Every structure is written in structure tokens, then in C-alpha cells.
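The values are calculated or read from the model by the stated rules, or taken from the named source; none is laboratory data. A quick note: this is a predicted structure, and the numbers were derived from the prediction, not measured. Here Cβ is always computed from backbone atoms with ideal geometry, including for glycine, and neighbour counts include all displayed protein chains. When the accessible area is computed, the model is the full protein with side chains, heavy atoms only, and any ligands, DNA or RNA have been set aside. Shrake-Rupley method; radii C 1.70, N 1.55, O 1.52, S 1.80 Å.
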Amino acid sequence: MTRGKIIYITEHMQVYSTIEFNGDMYPFDGGHGEEIVEYFLKRGFRDIYSYQAYVKRMDERYFGYAYEYGRELIHYIGSYRDGLLDFSRNYTDYLYLINHAGQDIQIVLKDGRTTVPDGALAIVYYQELREIIPGSDTRRSSLQTQNKLLALMDDMDWDLYLKQKEWLYAQQTQIEKWYGREASALPVGILNMMDRIQDAWEEEAARADANECWYEEKWYDEDLRIALEEAGVDVTAGNVAKLKKECLHIFDDKSKRNEMLVGVARELDGNT
């Protein structure tokens, strides 16, 4: 059984690791490591939250450690500021190390130190480096860029961003104004933010295209009893049942209501 862990370094130098997943964690021949690499190349690991979400999905799909045994899937193992990451005595088959620290980091392996570039994924096999996969966003960002990014994120209200299209467009335009459209030249934080904006637009478009039920009526037996009473008919259980049967499909013809919708729509057109 091939074991593996996914390690994530945040922009604040915090280092998180999954528990050891036991089974098919190799990065080839359909192993779960192939999925990790593919997700990384799609920039799926955008932040600590997407990392946590991916680990949860992987566990639910293949292992069930959290559900069956109540195990915590991810734990904090320290800060990179405290020193190098030493894997010279690692006995897990595969480690998948994602560096989103905002700078290059160094790890210690059996043969000495190895540099993992910012934005890259390092695959470690026991105590040896198997591969470093660069991300599409490994360029450094200047201090000025970081300050602008932080200021922009402070202004963002993510609870409302789907509803405020004009505001969302302004944020996207501002990002493009600062950095242009060349994605390979953007720092990790900006790419993550643009991904979130793109996700927002796609969700909004999907919602607009969906045939969503926006109004629904409910009729109750009490309505039938009131109708019988106003018509001067005895209000009995039998009469309620008969009236319900006769009225089941009286609202199927929506032509009059459609005419009402068209009328309202014309009024809107006249007000624009």
C-alpha cells in the first residue's frame, strides 16, 4: 500500500500537513497523486481553504478516515520561519509539498538541501526529490504589489460580491489596469483573486441561464371550505373532497397570467 501526505505552506509561512493516507498515493498509473498534480496545475490549490476542501473530498471519495474513524485530516506542523523543513528522515512513500509562501523555500533531504520555488509543487519519495513542478505563477511580486493586493482584499465584501455586478466588474478592471492581462506575470495572490472573480461570474451566468422557479402558489383545504361557504354549499368533508377533485387542474391554463407578465414587462421597458 503506497502512502502519501499533502503539505501546504501558506503565504504567512504556516505549514500544514495531512495525515498519512494509505493506498495508491503514487503520482502515476492512475494513482491519487496524479489527481493531486492535475488539480495543482489547474491552480486548484488557491489558498488554505481550497487545500482543506480538496483533502476533505479526497478522503470522502477514497479513504473515509474522517467519517469512519473520526480522524482530523489536517494538522498544523509549524512555521517555516522556525527553520528548514527537514524530510531527511521521512518514511512516508510520497510527500506532495505545495509552496504558496510567496518566496522560495528550502527543504532538507537525504542528499542535502533543495530549493522549492514559490508557487511550485515538490514531490518527495521517502527522503529523495522525485520532481518539482512549477506553477504558472512563480514570478516574484514587489512590496508595492503586495500592499495593493492587501488593500484591495480589505475592500472586498465576499458575502455580496455575487449580487453587486458593477462593483465586481470594477474590481476586475482595476486588477487588469494594474497588471495587464499576462497571467504568467501575476503573483500568486492576484491569480487566486482573479480565479475567485471568474468563479463568481460563472456562478452568476449559470444562475441566469437556469430555469429557476421564482414563484409558487399553495392552496389549502381551508380555501375550499371558504369557497363552499361563500357559494352557499354545505361545508362537509365529502363536498370538500369533491371540490378539490374538480379544482385540481383549473390553474393549468396560464395564458391569462402570461398576459399579465407581458404587461408588466412592457411597463418595465417603458421605464428604462
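Before moving on, here are some points about what is shown:
- Members of segment 26-42 found to be open to solvent by less than 10 Å² (accessible area, probe 1.4 Å) and under 19 Å from the mean Cα position of the chain (by Cα), listed by number: ILE36
- For segment 89-113, the set of residues classified as at negative phi, in a loop (DSSP other than H, G, I, E, B) and surrounded by fewer than 22 Cβ atoms within 10 Å (Cβ to Cβ) consists of ARG89, ASN90, TYR91, THR92, ASP93, ALA101, GLN103, ASP104, LYS110, ASP111, listed by residue number.
- Check on TYR69, in contact (Cβ under 8 Å) with a residue 40 or more places away in the chain and among the hydroxyl-bearing types (Ser, Thr, Tyr): no
- Per-region count, segment 215-249, residues part of a helix (DSSP H, G or I), over 29 Å from LEU261 (Cα atoms) and of a type in the set (A, V, I, L, M): 4
- Selected residue [in contact with a strand residue (DSSP E or B) (Cβ under 8 Å, 6 or more places away or on another chain), modelled with pLDDT of 90 or more and either charged (D, E, K, R) or under 25 Å from MET1 (Cα atoms) (or both)] from GLN52, GLN106: GLN52
- Flag for GLU68 being modelled with pLDDT of 90 or more, open to solvent by 70 Å² or more (accessible area, probe 1.4 Å) and of a type outside the set (Gly, Ala, Ser): no
- Among all residues of segment 65-72, there is none that is on the phi > 0 side of the Ramachandran plot, part of a loop (DSSP other than H, G, I, E, B) and over 26 Å from the mean Cα position of the chain (by Cα).
- Residues satisfying the stated conditions in segment 1-25, i.e. in a loop (DSSP other than H, G, I, E, B) and open to solvent by 50 Å² or more (accessible area, probe 1.4 Å): MET1, GLU11, HIS12, GLU20, ASP24
- Check on LEU73, open to solvent by less than 50 Å² (accessible area, probe 1.4 Å), modelled with pLDDT of 55 or more, touching an Asp or Glu at 6+ places or on another chain (Cβ under 6 Å) and not basic (Lys, Arg): yes
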